[in-house]
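**Student:** My questions all concern the structure below.
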Amino acid sequence: MRLHEIESWALRVIDQVKRGQPSEDDRVELKAEWPGDAVRAARRIAGHANAAFGEPILWLIGLDEERGVIGASQQELGSWCPRVKSCFDGPVPDFHVVNVFVDDKTVVALLFETERVPFLVKNPAYGSGPGPVELEVPWREGTSTRSARHSDLIRVLSPLQRLPTVDVISGRVRCCPNEQTTNGRTTYVLRWEVDLSLYLVPPHDCPRLVIPGYRGEGYLEIEAVVARMPLTSVGLRAEYTYVMPAQALIKSTDWETIVRGPGRVRLSGHCVTESSMLPNIPTDGVASVVAKLWVAEAHRAIVVATSVPVEVRPPVRGDPKL
């Protein structure tokens with residue numbers, strides 16, 4: 001990954017944090033300051049790298065999910081890296097350093113390459129008495145780190161399906177007041193429809209990707225108006241804007257999207273809420289949308305996280321209840 005791509009990735013995460021959105025990407029780790037314990041840092045890096053299945057991971061030093069941009073101390077890097085590297089046994093994840101300047105402060109972006117999995121760390125207690133093992137293969141699970149299990153190692157040693165890159169071109173969330181009839185009773189609800197235009201680029205070494213339509217998931221939220229609402233029917237559809245369907249590099253059926261090259265796709269999903277919140281939706285409202293799209297034979301999902309404007313359609317029949 002090139003340095004400008006690392007900086008772009010870091011800036012996207014920083015923007016999400018500044019808007020109060022979670023990064024929602026298990027490849028990203030935020031640190032308010034440089035980890036002081038080299039042993040714990042090495043174990044966490046190794047666990048994160050092992051669970052990434054060959055994809056690069058990003059650590060941002062000087063960024064906190066609650067406090068925002070704090071800034072990192074530059075002079076720590078020269079002494080911190082050798083201490084952390086000495087805790088590994090065998091290969092150490094190669095890393096690149098990029099200083100990202102935000103609000104007169106510096107966030108240090110550390111991108112770790114993980115192709116040489118599995119990574120092992122030394123046990124500092126080894127040799128101090130009976131019992132402690134010499135080496136460990138750490139594994140990240142959620143926000144914690146544990147020892148890898150047999151099933152984890154089997155997945156690491158299996159052929160890896162690399163993920164495509166996805167850029168959000170445009171998008172919107174439509175809020176549609178509507179009637180809903182259940183057991184003969186008519187009520188009024190708000191139907192939220194997500195529509196994102198994406199540009200998808202598959203890995204250069206992957207001739208074909210299959211994205212099953214039934215495995216998509218996601219949510220949307222509007223600060224102080226709509227709490228995190230799960231989306232249903234999250235999926236992709238290919239766009240045939242400039243080419244005939246037969247010549248398209250990305251094609252969709254009712255069950256999947258098949259990717260053989262770069263192109264535009266549309267991501268959609270919806271959810272339903274009570275109509276009583278309609279008066280609270282600002283005319284210039286912005287919705288946070290996060291979606292996960294699973295790739296066949298891959299152990300991780302494509303994560304799409306963005307903020308898009310909200311369009312509120314007029315109530316059906318002008319019903320005063322809405």
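**Student:** Give just the number: which of (1) crowded, with 22+ Cβ neighbours inside 10 Å; (2) of a type in the set (Gly, Ala, Ser); (3) within 21 Å of Lys292 (Cβ to Cβ); (4) touching a helix residue (DSSP H, G or I) at 6+ places or on another chain (Cβ under 9 Å) does Ala42 not satisfy?
**Tutor:** So the condition that Ala42 fails would be (3).
**Student:** Related question: Looking only at region 213-233, count how many residues are in a strand (DSSP E or B), in contact (Cβ under 8 Å) with a residue 60 or more places away in the chain and more than 17 Å from the chain's Cα centre (by Cα).
**Tutor:** Result for region 213-233: 2.
**Student:** Follow-up. Regarding Gly20, is this residue in the same structural domain as Leu120 (by TED's automatic domain parsing) and on the phi > 0 side of the Ramachandran plot?
**Tutor:** Yes; evaluated as a whole, the condition is true for this residue.
**Student:** Could you check, for region 281-288, whether at least one of its residues is under 20 Å from Pro203 (Cα atoms) and crowded, with 18+ Cβ neighbours inside 10 Å?
**Tutor:** No.
**Student:** For residues that are closer than 30 Å to Thr306 by Cβ and at pLDDT below 90, scanning just region 169-190, find the one that is surrounded by the most Cβ atoms within 10 Å (Cβ to Cβ).
**Tutor:** Ranking the qualifying residues of region 169-190, first place goes to Leu190.
Yes/no per residue for (1) exposed (fewer than 14 other Cβ atoms within 10 Å of the Cβ); (2) free of Cβ contacts under 8 Å to residues at least 60 places away in the same chain; (3) not basic (Lys, Arg); (4) not assigned by TED's automatic domain parsing to the domain that holds Arg313:
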position	(1), (2), (3), (4)
Leu110	no, yes, yes, yes
Val117	no, no, yes, yes
Val121	no, no, yes, yes
Ser128	yes, yes, yes, yes
Pro132	yes, yes, yes, yes
Glu136	no, no, yes, yes
Arg140	no, no, no, yes
Ser147	yes, yes, yes, yes
Asp152	no, no, yes, yes
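**Student:** Shifting gears a bit: Are any of the residues in region 58-74 closer than 25 Å to Leu157 by Cα and crowded, with 19+ Cβ neighbours inside 10 Å?
**Tutor:** Checking region 58-74: at least one residue is closer than 25 Å to Leu157 by Cα and crowded, with 19+ Cβ neighbours inside 10 Å.
**Student:** Where in region 80-184 are there strands (runs of 3 or more DSSP E), lying wholly inside it, with at least 2 residues that are charged (D, E, K, R)?
**Tutor:** 138-141, 165-182
**Student:** Another question about this same structure. Could you grab me the full set of residues in region 8-30 that are small (Gly, Ala, Ser), modelled with pLDDT under 85 and more than 11 Å from the chain's Cα centre (by Cα)?
**Tutor:** Passing the criteria: only Gly20.
**Student:** Follow-up question, since we're still on this one. State which residue is surrounded by the most Cβ atoms within 10 Å (Cβ to Cβ) when the search covers only region 246-267 and only residues that are touching a residue at least 24 places away in the same chain (Cβ under 8 Å), within 19 Å of Arg162 (Cα to Cα) and of a type outside the set (D, E, K, R).
**Tutor:** Val259
**Student:** Within region 49-79, which residues are touching an Asp or Glu at 6+ places or on another chain (Cβ under 6 Å) and outside any loop (DSSP other than H, G, I, E, B)?
**Tutor:** Within region 49-79, Trp59, Val69 qualify.
**Student:** Starting from residues that are assigned to a loop (DSSP other than H, G, I, E, B), at negative phi and under 21 Å from the mean Cα position of the chain (by Cα), keep the ones in region 269-322 and report whichever is modelled with the highest pLDDT.
**Tutor:** Ranking the qualifying residues of region 269-322, first place goes to Val295.
**Student:** Would you confirm whether or not region 86-101 contains a residue that is crowded, with 18+ Cβ neighbours inside 10 Å, out of contact with any Leu (no Cβ under 7 Å at 6 or more places or on another chain), modelled with pLDDT under 90 and closer than 24 Å to His4 by Cβ?
**Tutor:** No.
**Student:** Okay, next question. Can you pull out the residues in region 1-17 that are among the β-branched types (Val, Ile, Thr) and closer than 13 Å to Glu29 by Cα?
**Tutor:** Of everything in region 1-17, those that are among the β-branched types (Val, Ile, Thr) and closer than 13 Å to Glu29 by Cα turn out to be Val13, Ile14, Val17.
The values are calculated or read from the model by the stated rules, or taken from the named source; none is laboratory data. Note that the structure is predicted; figures quoted are calculated from it, not measured. Note: ideal-geometry Cβ built from the backbone for every residue, glycine included; neighbour counts use all protein chains shown.
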